[in-house]
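To start, the structure itself, in structure tokens.
The values are calculated or read from the model by the stated rules, or taken from the named source; none is laboratory data. On a predicted model such as this, the values are computed, not experimentally measured, just so you know. Cβ: placed from backbone, ideal geometry, glycine included. Neighbour counts: every protein chain shown. Ligands, DNA and RNA are stripped out before the accessible areas are found, and what is left, the full protein with its side chains, is counted by its heavy atoms. Shrake-Rupley method; radii C 1.70, N 1.55, O 1.52, S 1.80 Å.
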Amino acid sequence: MPKRRLRTALLAAAGAVAVAAGATTAVVAYAASTGCTVSYTVRSQWSTGFSANVAVTNVGDPVRGWTVRWTYAAGQTVTQAWGSTVSQNGNAVTATSASWNGTLRTNRTASFGFNGTWNGSGNPTPTDVSLNGVLCSGQVAATTSPAVTPPASTPPASTPPVSTPPTSAPPTSAAPTTPPPTEGCGRQAAAGPVVKVTDVNVGVPVTGYGQEGDTEPLPMAIASTPSGDSWLAWRGTDNRVYLGKLDCDDKLVGTPTSFEGIDLQDVQADANGGVLLLTRRGECGDGPLCGGSSSPCNTMHMIRFDNSGQQVWERQVTNLSESLSGYDNGARFIWWYQHHGRLASDGKTFAAYFGVAITVQNGNCVDIHEGDRMQVVNADGTLASGHRDSFQVGCSHSWTSRIAWDPRTSRYAMVCATDNACRIAQPNPYRTVAAGACDGTLFGGDLVLASKPGYWTAWSQGGQVRLEHFTTGASDTTITTAARSSHPHLVSYGASRMLLTWESGTSMAAQVYDAGTGAAVGSQFAIGVRDHSYQAFKPYADGSTAYPAAGATNTSIRIARVMPLA
């Protein structure tokens with residue numbers, strides 16, 4: 001969501017601080033005489049509760065240790081916090097820095113979040129936010145609170161040590177899907193969408209787009225970190241998947257690492273590194289097929305990496321082993337057919353949802369079917385056996401399997417396209433979201449959280465892109481968009497908007513929509529990179545989104561970033 005800095009264009013937002021019943025976002029910016037700006041943002045809101053984020057940006061001298069205070073005017077209470085220690089006495093709330101995010105260098109941001117309750121009729125934004133005892137007043141003057149310049153020889157860590165990480169996210173009842181950033185990138189919000197394209201030379205050959213089929217490997221993926229920078233993953237031409245860190249300007253930092261892998265699926269990041277989802281070669285064995293031709297029997301793996309890009313653990317999420325080959329009854333493996341997957345995380349576990357081959361005994365031979373599979377892995381790399389959202393088989397003959405963590409329900413939500421009645425559906429059990437037609441033109445898009453209860457998904461039939469809002473069953477709102485494409489992309493864009501993009505000639509077209517009503521916001525605009533049918537935009541905490549695309553050379557990748565909206 002946008003981090004609101006003290007700018008003339010943003011001052012008007014400070015006046016619109018009231019949040020009416022049913023609204024989902026309120027943002028107000030303040031600046032303190034200690035040389036900082038503070039933003040208080042309601043990320044989501046429901047009938048009895050809300051989730052908020054507070055971001056503190058230091059624009060003065062470096063300080064060590066911060067305290068943010070405010071007073072509620074309508075009896076709101078804080079029930080749970082992360083990234084800081086929050087206490088409340090009556091209507092007065094005090095948030096103090098954690099041990100790992102208390103030092104703020106100049107132009108750096110510390111953020112914390114919390115869940116709270118409200119009375120359902122009014123949730124006004126506080127108007128007396130203060131930092132280190134000084135009311136945020138819009139002045140940048142001499143520092144009046146204690147300031148400490150960290151020694152150059154031993155700079156404080158901007159993220160907690162890997163050996164003793166802080167809570168990476170609130171418990172499953174909490175709202176954010178990732179921990180708040182300890183230091184933000186401070187990307188400037190604008191009144192309308194601004195696109196920034198950066199060509200990143202990664203130094204090794206990158207797999208091209210190919211035919212962009214759902215049976216072909218994916219070239220690249222990107223993930224946002226809590227601090228606002230990125231992890232970029234790409235498939236090399238040497239049967240390896242590469243991983244590199246990008247800074248706030250989308251420039252490569254350090255030397256990329258690489259992992260064995262014949263296909264890349266997705267990458268997800270957190271404060272301590274992230275997780276790759278990739279494919280490796282497996283064994284089919286000699287179990288006779290009942291018909292058809294032989295196919296590769298590959299395996300899907302999560303690779304946990306640390307902040308230096310080094311592997312911490314790996315976990316296979318298919319089930320092949322030395323005693324179970326692809327053509328053995330009960331095998332779950334990756335074959336040539338629809339097999340793409342996506343990752344999601346609740347801050348404690350990682351979930352992979354992907355297309356999978358299913359081996360079934362049929363007399364003296366085996367048949368191979370196709371469906372999808374969802375597996376959850378714990379923070380230590382062990383499978384979360386019996387997780388209530390995981391399953392062995394969900395949708396039949398599925399493609400465009402999409403997943404998101406919903407902190408409001410404490411569940412992983414999923415959606416697929418399936419030829420079972422040719423529809424967009426939720427898996428396990430089947431629940432139709434939108435009915436389609438069996439004419440070969442049905443394709444799913446992406447899945448995002450609505451700013452009201454439920455979700456939005458993009459999909460296409462006959463080249464017509466639609467948006468569907470749903471909760472646990474059939475769509476209750478259909479938006480027939482102006483987009484003509486087989487493969488739409490949808491991503492959260494700040495706290496209350498979403499961004500729909502699609503192929504348009506040799507580049508991409510885009511349209512902003514309200515994440516509550518589905519109404520279009522503003523006009524279409526262009527994104528000057530080449531589209532790939534199955535790659536994904538990713539959202540960032542500052543309200544921007546980013547997409548990896550084919551670069552200017554075979555050793556570069558273009559990052560298209562749509563900057564935050566004010």
- Message: Looking only at region 444-468, filter to residues that are in contact with a Gly (Cβ under 6 Å, 6 or more places away or on another chain) and within 19 Å of P407 (Cα to Cα); which one of those is most open to solvent (accessible area, probe 1.4 Å)?
- Response: K452
- Any hit, region 328-337, residues being at positive phi, touching a Ser or Thr at 6+ places or on another chain (Cβ under 8 Å) and not hydrophobic (A, V, I, L, M, F, W, C): yes
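Criterion first (surrounded by 23 or more Cβ atoms within 10 Å (Cβ to Cβ) and either aliphatic (A, V, I, L, M) or in a loop (DSSP other than H, G, I, E, B) (or both)) does V241 satisfy it?
Spelling it out, V241 is indeed surrounded by 23 or more Cβ atoms within 10 Å (Cβ to Cβ) and either aliphatic (A, V, I, L, M) or in a loop (DSSP other than H, G, I, E, B) (or both).
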- Considering region 292-317 alone, what residues qualify as being assigned to a loop (DSSP other than H, G, I, E, B), farther than 15 Å from R332 by Cα and open to solvent by 50 Å² or more (accessible area, probe 1.4 Å)? G292, S293, S294, N307, S308, Q310
- Item | Given (1) in a loop (DSSP other than H, G, I, E, B); (2) closer than 30 Å to P226 by Cα, index of the condition G326 fails | (2)
- Message: So, A271, is that one of a type in the set (G, A, S) and surrounded by 17 or more Cβ atoms within 10 Å (Cβ to Cβ) or not?
- Response: yes
- Message: Just checking: which of the strands (runs of 3 or more DSSP E) contained wholly in region 413-485 hold 2 or more residues that are free of Cβ contacts under 8 Å to residues at least 40 places away in the same chain and more than 24 Å from the chain's Cα centre (by Cα)?
- Response: 477-484
- Message: So for region 469-481 (the condition being in contact with a Leu (Cβ under 6 Å, 6 or more places away or on another chain) and open to solvent by 20 Å² or more (accessible area, probe 1.4 Å)), does at least one residue qualify?
- Response: yes
- Please identify the pairs in which a residue from region 547-566 that is open to solvent by less than 10 Å² (accessible area, probe 1.4 Å) has its Cβ atom under 7 Å from the Cβ atom of a residue that is charged (D, E, K, R) and part of a loop (DSSP other than H, G, I, E, B), counting only partners at least 6 apart or on another chain. A549/R530; I559/D250; R561/D250; P564/R187; P564/D542
- Message: For region 254-268, which positions are open to solvent by 10 Å² or more (accessible area, probe 1.4 Å) and within 21 Å of P539 (Cβ to Cβ)?
- Response: Q268
- Message: Which count do you get for residues in region 510-546 that are open to solvent by 10 Å² or more (accessible area, probe 1.4 Å), more than 29 Å from A271 (Cβ to Cβ), out of contact with any Gly (no Cβ under 9 Å at 6 or more places or on another chain) and in a strand (DSSP E or B)?
- Response: 6
- Query: Any chance region 207-219 includes a residue that's open to solvent by less than 10 Å² (accessible area, probe 1.4 Å), touching a Lys or Arg at 6+ places or on another chain (Cβ under 9 Å) and farther than 19 Å from S556 by Cβ?
  - Reply: no
- Message: Just to check your reading of the model, which residue among V59, V63 is open to solvent by 30 Å² or more (accessible area, probe 1.4 Å) and touching a residue at least 60 places away in the same chain (Cβ under 8 Å)?
- Response: V59
- Residue within region 279-290 that is at pLDDT 95 or above and assigned to a strand (DSSP E or B) present: yes
- For S173, indicate whether it is open to solvent by 50 Å² or more (accessible area, probe 1.4 Å) and modelled with pLDDT under 85. yes
- Query: open to solvent by 30 Å² or more (accessible area, probe 1.4 Å) and under 30 Å from G116 (Cβ atoms), is that true of H387?
  - Reply: yes
- Counting only residues that are at pLDDT 85 or above, on the phi > 0 side of the Ramachandran plot and in contact with a Pro (Cβ under 8 Å, 6 or more places away or on another chain), give me the strands (runs of 3 or more DSSP E) lying completely in region 1-106 with at least 2 of them. none
- Item | Members of region 349-378 that are more than 26 Å from G285 (Cβ to Cβ), free of Cβ contacts under 8 Å to residues at least 40 places away in the same chain and either assigned to a strand (DSSP E or B) or not polar (S, T, N, Q) (or both) | V376
- Message: Here are the criteria: (1) of a type outside the set (F, W, Y); (2) farther than 30 Å from H387 by Cα; (3) open to solvent by 10 Å² or more (accessible area, probe 1.4 Å). Tell me which single one L500 does not satisfy.
- Response: (3)
